[in-house]
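Heads up, the thing below is written out as structure tokens.
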Amino acid sequence: MSFTNHIKLPWRTSWQVSGELRETLFWPCQSPPARAILLMIPGNPGLADFYIDFCTSIHTEFNSLDIICVSHLGHTRFSDNRGLVHRNQKTHSLDEQVENMVCVFDK
């Protein structure tokens, strides 16, 4: 049994993509190595936290997946990996949201 079995899921972090910080939730594969990665792109609302129960259910049912859920730009107030709180100051257009989510996918 690895130490990851003792850490409460999902893991919460911030992820910088194309200069923009996003709240990111991660459920690691329960039986490594992962056979696939599920990138959960939120609908409405664009908050990753809204989808915790849904992603946890998928993670429980399909233990060979890594699951990553990334909030939309500007939809959260969160602490980065250093514990600093970030408040989104900018409103992002739909085109900016889509373009940045494509960058998340490519990264």
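Observations, loosely collected:
- Taking the protein heavy atoms of the range 11-70 in the context of the full set of protein chains, the accessible area attributed to carbon and sulfur is 58 percent at 1.4 Å.
- Length gained when the stretch Lys107-Met40 is fully extended (0.36 nm per residue, less Cα-Cα span): 22.7 nm
- Taken along the Cα-to-beta-carbon direction at a fixed 7 Å, the label points for Gln89 and Thr60 span 4.2 nm.
- Net charge of neighbours whose Cβ lies under 12 Å from the Cβ of Leu73, counting Lys and Arg as +1 and Asp and Glu as -1: -3
- Inter-site label distance for Glu99 and Leu21 at 7 Å from Cα along Cβ, in nm: 2.2
The values are calculated or read from the model by the stated rules, or taken from the named source; none is laboratory data. These figures come from a predicted structure and were not determined experimentally. Because the Cβ atoms are built from the backbone with ideal geometry, glycine has one as well, and the counts that use them run over all protein chains shown. In case anyone asks, the SASA skips ligands and DNA or RNA and just uses the protein heavy atoms, side chains included. Shrake-Rupley method; radii C 1.70, N 1.55, O 1.52, S 1.80 Å.
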